[in-house]
Structures are given as structure tokens and as C-alpha cells.
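Some notes on the structure that comes next.
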Amino acid sequence: MHQPILTFALFLFLASCQTNKSATSPKDGKNIQTGIPETPVDIRGKFMFINHEWAAFTIDNPAGVVLNFTSDSSFSGFTGCNEMFGPYHLKGDSIYFDRIGATRKACPNTPWENDLLTILRECRLWNLQNDTLTLETPDKRKIFWMKVTENQKD
């Protein structure tokens, strides 16, 4: 009779010993295991296009191509010709752009615009280091953006 109770108690004890590397205390925001404060990476802000890693795509005027992420999980931006917008979803290092919309101005010399929108729709990973945002598709195509600081906005 005591055997099942002891087995169950042992199971509960062992289950409670499992670690969760992202477990933080709601009281102080510190990692429960290390006691070190965790600072989530914040994607909010404006980013300028700086480069990409695939050959079929060339942007003639990269200075005008921007993304702006807001705190309400929506984004907006400029493709060099049209405005783009829509919701985005983050979970860990995963990103998903949902229902990307864009205005439909007919601009000459922007054949890459549809490629840019397609790549954004396909991006599934993100990483922000040293103000460089990397968005990556499952087939390893990457697009790089630089965070715009207040000094650069002027």
C-alpha cells in the first residue's frame, strides 16, 4: 500500500527538480536558477535595410528601405516605392509576418520589391545583435537591417 504512495512522491520530487532555463521570477525578473536579471531582446524600433545573402535580389536604393516594429506586434515600412504593413509574431528566436499588406504605387526600377515582400513572408528566424537585425528563411536566406538610433533619424 505504501509502495504506490512513495513512488508517486518520488515522481513529484524528481519532476520539481527539472530546470527551465528561461524561468524568471515575476517579482524581480531574475532567472530563478542563476539569480541574474534576464533582459529580453527588444525588436521594437526602426531598422534600415543594409544587406542580404542571396543572389537573385538587388536593391538599387537601400537607404530608403526600412522596417518599423511597434509594441503592439505590428510593423510598417517602406520598400523604396510602397508602404508595407501588417502584424508580426515573436516567440523566442522565431518570427512570423502575418498578412503583409502594401500600397500599390507603380514605381519604375523597383523589380526587387515583390522579392523583398516574399522574403519577409518566408522569414521564420530573427536575431538582434549590436543593432543588426538578421531575418532568416528556412532555406537560410538572410536579410540584414541596422537599427536606426535617435541621432540617425535627423
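The values are calculated or read from the model by the stated rules, or taken from the named source; none is laboratory data. It should be emphasised that the depicted structure is a prediction, and the values quoted were computed from it without experimental measurement. FYI the Cβ positions are ideal-geometry reconstructions off the backbone, even for glycines, and counts take in every protein chain you see. When the accessible area is computed, the model is the full protein with side chains, heavy atoms only, and any ligands, DNA or RNA have been set aside. Shrake-Rupley method; radii C 1.70, N 1.55, O 1.52, S 1.80 Å.
Taking the criterion of being hydrophobic (A, V, I, L, M, F, W, C), in a strand (DSSP E or B) and out of contact with any helix residue (DSSP H, G or I) (no Cβ under 7 Å at 6 or more places or on another chain), the residues of segment 136-148 that qualify are 144, 145, 146.
Taken across segment 141-153, residues that are open to solvent by 30 Å² or more (accessible area, probe 1.4 Å), without any contact (Cβ under 8 Å) to a residue 24 or more places away in the chain and more than 14 Å from residue 45 (Cα to Cα) do not occur at all. Number of residues in segment 56-82 that are at pLDDT 95 or above and of a type in the set (D, E, K, R): the value is 0.
Looking only at residues of segment 104-130 that are open to solvent by less than 70 Å² (accessible area, probe 1.4 Å) and assigned to a loop (DSSP other than H, G, I, E, B), we find that the one that is farthest from residue 79 (Cα to Cα) is 123.
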